[in-house]
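These notes are about the structure you will find just below.
The values are calculated or read from the model by the stated rules, or taken from the named source; none is laboratory data. From a predicted model like this one, the values you see are computed outputs, not experimental measurements. Quick reminder, even Gly has a Cβ in these numbers, built from the backbone with ideal geometry, and neighbours come from all protein chains shown.
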Amino acid sequence: VNDRKKPATGAAKRGARMAAMAAGVTGTYLGYFAQSLFLGERARKRKLDETNTRAARRITKELGGLRGPAMKLGQALSLQAGVLPDEMLMELASLQAGAPPMHPSLVKAQVKSSLGRLPDELFRSFDNVPFAAASLGQVHHAVTRSGQPVVVKVQYPGIREAIAGDFKWFRTFNRGTQLSRMVPPPIVDELEAQISAEADYYRETEHLSFFARALRPLGYVCVPEPLPHLSSDRVLTMSRVEGNHIERYLQSKPSQRERDLVGERLLELFYFQILRLGTFHSDPHWGNYLFKPEGGIGMVDFGSVKRLEPRFVSNLRAVFLYPGDRDAGEFTELMAERYGMFGRKMTRRTRSALVRFSKEFYGKVYPPEEEREQQAIDFADPAIMKSYLSLSSDLLVARAALPEYAMLARSETGLYLTLHRLKARVRTSWLVRGQMTEPAGPSRAGENARGRD
Amino acid sequence: MPARSKPSPVRRKIPRKPPGATTRRPPRTTTRARRTTAPTGPRGIGVRARHKDALRARILHAALALFQTRGFDDTTTRQIARRARIAEGTVFNYFPTKDDIALYFLEREVDHAIATVRQDPALAKAPLEEKLFALIQAQIEFLTPHERFIGAAFVSALRPASKIGFSLQAAALRDRYLAFVDELITESFPRGRRPALSWFAPHAFWIYYLGVLLYWLHDSSPGKQNTLAFLDRSLKLGVKVLKRGGVA
């Protein structure tokens, strides 16, 4: 960790200078973000000296105050470029991006500009004070005229232009620097496509309906229902989902057994989306998960959803829990096939980075041997996350990144982070296997077949 | 404060209102209110005055409809009279020129915006930037149905002979508006703690307001949301500058 931090300071300074310049000229969100991220060098350094997770969490809390699409971009980039220490990355990866906070008059104006009428005319009651920041906006409680409690997500005006502007700036900046080796242009394109899709609430309405139907087999997940007549591209009204955010949930001191159950469900939910649906919720912020007593999970904010190509999914199925030798020919062929899908050749360097990742992380966290299938992995161990992050950035250095990885990695990071905070013990391989069998069986999460009970 | 209670010289031909009557008149949210005036109005306002008010509103309503469809420059007084179904001479009695109609409209716009800010209890304790936002937003909402006319009036106001830009009435209207802005600034600072720059703030605000109007006229984003974003960000910055005495 330590030797990676030193050159980063230089890069950070360069970045800061560029950012300060760009902020002065274009006034983008990204500029402000980068400025405050890097320029508070002295204050930041003091805090960084105590490189434990707690300090990092405090810093990210401050970073959390920064908002705008740049937050999302910065989050993804910092993860990719490996310029920050791991503890901070862990926290950053989970950060919720938000737009600048809106005062009630602006919320009213935005609702009116988008739905044609003021909130007071559209709802029986509308809470002017937001209860949460959302992707690129904020969320308000309200009650419809028919008495249904709902949440209303209101987007900060002009956000789409801001996103386009930020990415234009970033491309210019990226072109001339070493950073482009770390963040290849296709990945930047992928990020832009995803982030600007998040700004389209019509699309999110479709996602909500899709997931409400598709996740039904996993009885424990609850998804909000959209109210199309009170929604537009910039305002989204949906039914209220009960439950607490992870902080609150952990304060209620759930038992180890319950945390294990929730952890298993989260992991199962993740692999169900990838392997069965080929579509997944790719905003890993833990504000997007609500926890109910008895282990129920509410999932909100479907702004960021990624669809995977079927052949990519079948490749994942073949690679997951690969039983044979990962150094050998067949595994290499599978990986080469994956790269071929994207018109990429797998170089030697790429291959060895991939094999290393597969062996050192997946082989350990998802033991492929049948006899170890029931083994629970204890995510309380921070080494899991650290190894995941450092191997991911090795992948980037080896230019092994595929556009598909950007969102997958974002989501996976969020999952491990949540499991770590839950201190959950999860039978990873058993659950993944459950999503690879045909036909689909009932949920395996929390099922009593575990050896340890 | 003083400018608001000063008898306004704007309304030479408008005898019906006592000075400072902005809040007494029930706020008219749209110009379509012309026929809704009940025959029995509040006591104290004469029948003739009410009649004149109604007629003035009727002329304005007809004129605005024509400005929007035909354009400000191409609309004649005769067309206005015909549309309002009154004699052309009557129009002249009330409004000697088209510019006077425009000014009357702008006066009502300012009345409406001030009333909106003052009548919203939620705004009483809001930060300065939100009050200013609500003020401009109320103006823009008032202007929205007449966007084409505002564009023309904006250009027309730049002519040296324009009453909209350079008359005494226009100056008085602007003073009344800026006095209100000044009032909002004053009330957001504790007594005696007004920032050094605040004497200049209303003047700067006027230029800013014209800029916002121009931005709004040319904003082609859906629902003109870029104007909202621009307003929000610039007001936050402006208030910050004001508070820190000129350093952002």
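I need every pair where a residue in the range A:101-112 that is more than 8 Å from chain B (Cβ to nearest Cβ) has its Cβ under 7 Å from the Cβ of a residue that is of a type in the set (V, I, T), sequence separation at least 6 or different chains.
A:V107/A:V154; A:V111/A:V154; A:V111/A:V235
Look through B:I80, B:I86 and report the one residue that is more than 30 Å from A:L118 (Cβ to Cβ), without any contact (Cβ under 8 Å) to a residue 40 or more places away in the chain, outside any helix (DSSP H, G or I) and not charged (D, E, K, R).
None of the other options fit; the residue is B:I86.
Does the range A:233-263 hold any residues that are among the charged types (D, E, K, R), in contact (Cβ under 8 Å) with a residue 60 or more places away in the chain and within 29 Å of A:S114 (Cα to Cα), and which are they?
A:D233, A:R234, A:R240 - these are the residues of the range A:233-263 that are among the charged types (D, E, K, R), in contact (Cβ under 8 Å) with a residue 60 or more places away in the chain and within 29 Å of A:S114 (Cα to Cα).
Yes/no matrix, rows are residues, columns are (1) within 24 Å of B:L106 (Cα to Cα); (2) out of contact with any Ser or Thr (no Cβ under 7 Å at 6 or more places or on another chain); (3) not hydrophobic (A, V, I, L, M, F, W, C):
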position: B:A201; (1), (2), (3): yes, yes, no
position: B:L213; (1), (2), (3): yes, yes, no
position: B:S220; (1), (2), (3): yes, yes, yes
position: B:V239; (1), (2), (3): no, yes, no
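Under the condition of being within 19 Å of A:Q110 (Cβ to Cβ) and hydroxyl-bearing (S, T, Y), which residue from the range B:203-248 is nearest to the other protein chains (Cβ to nearest Cβ)?
B:S221
Can you tell me which residue among B:F92, B:F105 is closer than 20 Å to B:A54 by Cβ, among the aromatic types (F, W, Y) and free of Cβ contacts under 8 Å to residues at least 24 places away in the same chain? Talk me through it step by step, then tell me what you get.
Values: B:F105 fails: free of Cβ contacts under 8 Å to residues at least 24 places away in the same chain.
So the residue among B:F92, B:F105 that is closer than 20 Å to B:A54 by Cβ, among the aromatic types (F, W, Y) and free of Cβ contacts under 8 Å to residues at least 24 places away in the same chain is B:F92.
With the structure loaded, tell me whether A:V150 is modelled with pLDDT under 95 and not in a helix (DSSP H, G or I) or whether it fails that test.
No: the conditions fail for A:V150.
Kindly state which helices (runs of 4 or more DSSP H) lie completely within the range A:338-453 and contain at least 3 residues that are aliphatic (A, V, I, L, M).
Correct list: A:348-357, A:382-397, A:403-422.
Mind checking whether some residue in the range A:264-276 is out of contact with any Pro (no Cβ under 8 Å at 6 or more places or on another chain), more than 22 Å from A:G434 (Cα to Cα) and either free of Cβ contacts under 8 Å to residues at least 24 places away in the same chain or not β-branched (V, I, T) (or both)?
Looking through the range A:264-276, none of the residues is out of contact with any Pro (no Cβ under 8 Å at 6 or more places or on another chain), more than 22 Å from A:G434 (Cα to Cα) and either free of Cβ contacts under 8 Å to residues at least 24 places away in the same chain or not β-branched (V, I, T) (or both).
Step by step: first the residues of the range A:201-230, then only those that are in a loop (DSSP other than H, G, I, E, B) and touching a residue at least 40 places away in the same chain (Cβ under 8 Å), then the one that is nearest to the other protein chains (Cβ to nearest Cβ). Which residue is that? Working first, answer last.
We begin by selecting, within the range A:201-230, every residue in a loop (DSSP other than H, G, I, E, B); these are A:215-220, A:223-225, A:227.
From what is left, the residues that are touching a residue at least 40 places away in the same chain (Cβ under 8 Å) are A:215, A:217-220, A:223-224, A:227.
On the way: A:L215: 32, A:P217: 38, A:L218: 37, A:G219: 40, A:Y220: 39, A:V223: 28, A:P224: 24, A:L227: 20 Å.
Ranking the qualifying residues of the range A:201-230, first place goes to A:L227.
Can you name the residue in the range B:108-121 that is in a helix (DSSP H, G or I) and out of contact with any helix residue (DSSP H, G or I) (no Cβ under 6 Å at 6 or more places or on another chain) and is also farthest from the other protein chains (Cβ to nearest Cβ) among such residues? I'd like the intermediate steps shown before the answer.
If we filter the range B:108-121 for residues that are in a helix (DSSP H, G or I), which is where we start, we get B:108-119, B:121.
With out of contact with any helix residue (DSSP H, G or I) (no Cβ under 6 Å at 6 or more places or on another chain) added as a condition, the list becomes B:108, B:115, B:118-119, B:121.
Values: B:R108: 20, B:A115: 15, B:R118: 14, B:Q119: 13, B:P121: 12 Å.
Applying the filter and picking the extreme gives B:R108.
Is the range A:359-366 home to any residue that is buried (at least 18 other Cβ atoms within 10 Å of the Cβ) and among the hydrophobic types (A, V, I, L, M, F, W, C)?
Within the range A:359-366, none of the residues are buried (at least 18 other Cβ atoms within 10 Å of the Cβ) and among the hydrophobic types (A, V, I, L, M, F, W, C).
Of all residues in the range A:99-118, which are over 31 Å from the mean Cα position of the chain (by Cα), part of a helix (DSSP H, G or I) and not small (G, A, S)?
Across the range A:99-118, the qualifying residue is only A:K112.
Could you tell me which of the residues B:E187, B:E130 is within 14 Å of chain A (Cβ to nearest Cβ) and not β-branched (V, I, T)?
Within the list B:E187, B:E130, the selection yields B:E130.
Go through A:F272, A:F280 for me and flag whichever is in a strand (DSSP E or B) and buried (at least 16 other Cβ atoms within 10 Å of the Cβ).
Unique residue meeting the criteria: A:F280.
Go through the range A:309-337 and give me each residue that's part of a helix (DSSP H, G or I) and over 16 Å from A:L408 (Cα atoms).
A:A318, A:G329, A:E330, A:F331, A:T332, A:E333, A:L334, A:M335, A:A336, A:E337
Every residue, every condition in (1) at pLDDT 85 or above; (2) closer than 22 Å to B:P127 by Cβ, yes or no:
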{"position": "B:A161", "(1), (2)": "no, no"}
{"position": "B:A179", "(1), (2)": "yes, yes"}
{"position": "B:L197", "(1), (2)": "no, yes"}
{"position": "B:Y208", "(1), (2)": "yes, yes"}
{"position": "B:D219", "(1), (2)": "yes, no"}
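Do we find that B:P145 is surrounded by fewer than 18 Cβ atoms within 10 Å (Cβ to Cβ), within 14 Å of another protein chain (Cβ to nearest Cβ), in contact (Cβ under 8 Å) with a residue 60 or more places away in the chain and under 15 Å from the mean Cα position of the chain (by Cα) in this structure? Working first, answer last.
Numbers: surrounded by fewer than 18 Cβ atoms within 10 Å (Cβ to Cβ): yes; within 14 Å of another protein chain (Cβ to nearest Cβ): yes; in contact (Cβ under 8 Å) with a residue 60 or more places away in the chain: yes; under 15 Å from the mean Cα position of the chain (by Cα): yes.
Yes.
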